[in-house]
Amino acid sequence: MTGRGPFARRPARPGIEPFSAAVTGIGLVTAAGVGAERTWHGVCGAGAGPSVPHLPELDGLPCDFMYTVDAPDMKAVLGVAAQRLMDRFSQLAVIAAREAVADAGLDPAVWDSGRVAVVIGSAHGGLPFYDEQHTVLTERGARRVSPKLAPLTVVNGAASSVAMDLGAHGPSQAVSTACSSGTVAIGTAHQMLRTGACDIVVAGGAESVRSRLLIASACQMRAVSTRRDDPRAACRPFDSHRDGFVVGEGAGLVVMERPEHARARGAVVRARVAGYGASSDAHSAVAPDPDGLGIERALRTALTDAGIDAADVGHVNAHGTSTVANDLIESVMLRRVLGDHLLVTSTKAMTGHTLGAAGGIETALTVLALQHQLVPPTANLDAPDPAVPVEVVSKEARHAVFDCAVKTSLGFGGHNAALVLTRA
Amino acid sequence: MSTSEEISALLVTRFGTDPEAIRPEVPLRELRLDSLALEELRLLVEDRLDVDLEDVALSSRDTVGRLVAAVRSKAGA
């Protein structure tokens, strides 16, 4: 399949000019690999495979495994003083942020720090510390509870930790829209650059919910896979035998800049974020709109915002969670809105469903797909669901020519988001 | 280990404090121990030395020596 080549962009809306943010840096910390290159090779099937261990803290649960990051010694990397004030999602975010900023060729020692913003999404923040301290409360009493509970567990912990680590003095904030948080964070960053609120943004998502409490609840909801005999095969987006998602931890951040800022410093632009759209299903606490009307609205808004025709989109990194409902509803919507020429993938079988981090990780992977003109495969897709009406890349990465790609995300509560990205 | 050595060990291992900087006359704030860190340290010392520091009032303006003396007074109580 091929894209249509160079395309013309229309004005986004009357009086609103299109705006493309330059993506100049990427940082990835996932179960597929620590570092952007390792994660990319991992999702393209060239690595040793993701880490999906059984975890002792999940013993006895119907789902007792999750995708974990083989992270470095956090005390050594971050320093004891800083590390003690971050729960794991913040630590993963700082590692990803350092990589993204270095990849962009930026030096925090000399940048105009007041013009650097941070926007990081997370669904659950420091839930593991919350879980741990609740145990302390019930077993040892109130006087043994840590005074660090609030600063470590707040959802903005990753954003504030990254701002402190980088010395970024512009606006910083968290975005929390469940599993679309990372995508909404990048969309929010796009809007901040567009309005001139900053010149540089470090944006994306971070999550780590190694918590018996949360996984127990996800099991009760019957939302997660129970394929305990083969955890690496449990997440199988768009496959006929999918039975739920598998939780993962990770962080994915991009450095985005106003185009003239990137141009003035001669930065290498990996890709561009050209449009963003968001919507609410206003339908259910957990289930997506059965006809996918909410995510359709977000996607159409993003296309309009980018001034790009549906026919120009060659690749979609889908939400593709491996739940029966999501994969069907999303794929039918993609076919309806974008047509039948697409190459679709879900990279979650290699990273797990990283919840609030997913949109950040998958947007970074979409940037790499545009750069390399290569669509990563959907791992574990052995028996494609015949009801899925789009072409999902499986088995191995596929070379293709496409100038425009889309990232879609759906969050519990009906928070939908879509980004349109273009080649640099 | 003495009380002083126990506290120094906690500061180094749990707060990343430079062991060379831990001297009796040094204010705790110069070791970057803010109000949150002092409350965290209180819990750690209580667990480590099996003392009750609930009514010990310390601020980051106090010195390492004052901290050690306060803990000693409770340990001997």
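Which one of B:Ile7, B:Ile22 is more than 11 Å from chain A (Cβ to nearest Cβ), in contact (Cβ under 8 Å) with a residue 60 or more places away in the chain, within 15 Å of B:Gly65 (Cβ to Cβ) and of a type outside the set (Gly, Ala, Ser)?
Working: B:Ile22 fails: in contact (Cβ under 8 Å) with a residue 60 or more places away in the chain.
Criteria check complete, one pass: B:Ile7.
Modelled with pLDDT of 95 or more and farther than 25 Å from A:Lys75 by Cα - does that describe any residue in the stretch B:32-41?
Within the stretch B:32-41, none of the residues are modelled with pLDDT of 95 or more and farther than 25 Å from A:Lys75 by Cα.
If the Cβ limit is 7 Å and pairs must be 6+ apart or interchain, which residue in the stretch A:330-350 that is closer than 17 Å to A:Phe402 by Cα and at pLDDT below 95 pairs with which residue that is surrounded by 24 or more Cβ atoms within 10 Å (Cβ to Cβ) and of a type in the set (D, E, K, R)?
none
Mind counting the residues in the stretch A:130-161 that are within 14 Å of chain B (Cβ to nearest Cβ), part of a loop (DSSP other than H, G, I, E, B) and touching a Gly at 6+ places or on another chain (Cβ under 7 Å)?
Residues meeting the conditions: 1.
Looking only at the stretch A:163-177, how many residues end up being more than 17 Å from the chain's Cα centre (by Cα), more than 14 Å from chain B (Cβ to nearest Cβ) and not in a loop (DSSP other than H, G, I, E, B)? So that I can check it myself, show each step before the final result.
Pass one, the stretch A:163-177, residues more than 17 Å from the chain's Cα centre (by Cα): A:163-172.
Adding the requirement that they be more than 14 Å from chain B (Cβ to nearest Cβ) leaves A:163, A:165-172.
Those left that are additionally not in a loop (DSSP other than H, G, I, E, B): A:163, A:165-166, A:172.
Number satisfying all stated conditions: 4.
Checking B:Leu67 against (1) within 14 Å of chain A (Cβ to nearest Cβ); (2) outside any loop (DSSP other than H, G, I, E, B); (3) closer than 23 Å to A:Arg143 by Cα, which single condition isn't satisfied?
Single failed check for B:Leu67: (1).
Can you pull out the residues in the stretch A:74-96 that are buried (at least 18 other Cβ atoms within 10 Å of the Cβ) and more than 10 Å from chain B (Cβ to nearest Cβ)?
At the first step, the residues of the stretch A:74-96 found to be buried (at least 18 other Cβ atoms within 10 Å of the Cβ) are A:74, A:78, A:82-83, A:85-96.
Once the filter is applied, which keeps residues that are buried (at least 18 other Cβ atoms within 10 Å of the Cβ) and more than 10 Å from chain B (Cβ to nearest Cβ), the stretch A:74-96 yields A:Met74, A:Met86, A:Asp87, A:Arg88, A:Phe89, A:Ser90, A:Gln91, A:Leu92, A:Ala93, A:Val94, A:Ile95, A:Ala96.
Could you tell me whether any residue of the stretch B:34-41 is more than 9 Å from chain A (Cβ to nearest Cβ), assigned to a loop (DSSP other than H, G, I, E, B), surrounded by fewer than 14 Cβ atoms within 10 Å (Cβ to Cβ) and in contact (Cβ under 8 Å) with a residue 24 or more places away in the chain?
Looking for residues that are more than 9 Å from chain A (Cβ to nearest Cβ), assigned to a loop (DSSP other than H, G, I, E, B), surrounded by fewer than 14 Cβ atoms within 10 Å (Cβ to Cβ) and in contact (Cβ under 8 Å) with a residue 24 or more places away in the chain, one finds at least one in the stretch B:34-41, hence yes.
Could you tell me which numbered condition B:Glu54 fails, if it satisfies all but one of (1) within 13 Å of another protein chain (Cβ to nearest Cβ); (2) among the acidic types (Asp, Glu); (3) under 24 Å from A:Gln83 (Cβ atoms)?
(3)
Quick one: which residue in A:Ala251, A:Ala233 is of a type in the set (A, V, I, L, M, F, W, C) and over 18 Å from the mean Cα position of the chain (by Cα)? Walk me through it before giving the result.
Values: A:Ala251 fails: over 18 Å from the mean Cα position of the chain (by Cα).
Going through A:Ala251, A:Ala233 in turn, the sole match is A:Ala233.
Could you say whether any residue in the stretch A:50-64 is crowded, with 16+ Cβ neighbours inside 10 Å, within 14 Å of another protein chain (Cβ to nearest Cβ), farther than 24 Å from A:Arg398 by Cα and not small (Gly, Ala, Ser)?
So far as the stretch A:50-64 goes, no, none of its residues is crowded, with 16+ Cβ neighbours inside 10 Å, within 14 Å of another protein chain (Cβ to nearest Cβ), farther than 24 Å from A:Arg398 by Cα and not small (Gly, Ala, Ser).
The values are calculated or read from the model by the stated rules, or taken from the named source; none is laboratory data. If you're wondering where the values come from, they're calculated on a predicted model, not measured in any experiment. Using ideal geometry, Cβ is built from the backbone for each residue, glycine included, and neighbour counts are taken over all protein chains shown.
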